[in-house]
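Inspection log for the structure reproduced underneath, given as structure tokens.
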Amino acid sequence: MLIVQIGVILLTVLLGCIYARREYKNFTIEEKGQLKEELRNPFWVFHVLPYIGYIFLFVGLVLKISVLKYIAFLLMGIGLIIDGAEVWETDRKRGLLFVLIGSIFFLITTFLSLKFLFDFPLF
């Protein structure tokens, strides 16, 4: 069973890499240069957190791994909070919405993981 779980995780990562490479090949020279310039900024990692969380959530649901689902929701929550803080500068309502949704993800996941880890009833 463990080998199947590791295989599904590797397959998911491999498919993501293949898709990203295909998209990169379709870029124009200007788009490739712009992408390289954006990747030099280390804060791009924070914008990718929700998408990494979606992948972890998918793998966690398929393989029924609870810990992976918790990690996925934490990544999505942190990513939404950071994206909301950046959007806040241009659109306050939308930024506040992202921050609130991210905070809700983060708090609910924290409470559920505490229940899961310590097995005491919260409700």
(request) May I ask you to work out the translational diffusion coefficient for segment 1-40 at 10 °C, viscosity 1.306 mPa s, via Stokes-Einstein with Rh from the Kirkwood sum over Cα pairs, reported in whole µm²/s? (result) 133
(request) Check each of the GluC sites (Glu not before Pro) in segment 1-101 and keep only those in coil by DSSP with at most 16 other C-beta atoms within 10 angstrom; list them in order. (result) E89
(request) Loop only per DSSP, at most 16 neighbouring Cβ atoms within 10 Å: give me the trypsin sites (Lys or Arg not before Pro) in segment 4-64, ordered by residue number. (result) R40, K64
(request) Work out the length of the dipole vector of segment 8-123 about its Cα centre, built from +1 on the beta-carbon of each Lys and Arg and -1 on the beta-carbon of each Asp and Glu, and round it to the nearest 20 debye. (result) 320
(request) Would you be so kind as to identify all helices of the chain, as entire DSSP H runs, whose Cα atoms reach 24 Å or more along the helix's own axis and whose mean Kyte-Doolittle hydropathy is at least 0.0? (result) 2-25, 44-63, 66-87, 92-118
(message) Given points 7 Å out from each Cα along the Cα-Cβ axis, report the F43 to I108 separation in nanometres with one decimal.
(response) 2.9
(request) Quick one: plug the Kirkwood hydrodynamic radius of the chain (C-alpha pairs) into Stokes-Einstein at 20 °C, 1.002 mPa s, and report D in µm²/s. (result) 130
(request) Starting from the Cα-Cα distance between L61 and V8, subtract it from 0.36 nm times their residue separation and give me the gain in nm to one decimal. (result) 17.9 nm
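Throughout, read-outs are computed from the coordinates displayed, never taken from laboratory work. The structure displayed is predicted, hence computed values, not measured ones. Neighbour counts run over all protein chains shown; Cβ positions are idealised from the backbone, glycine included.
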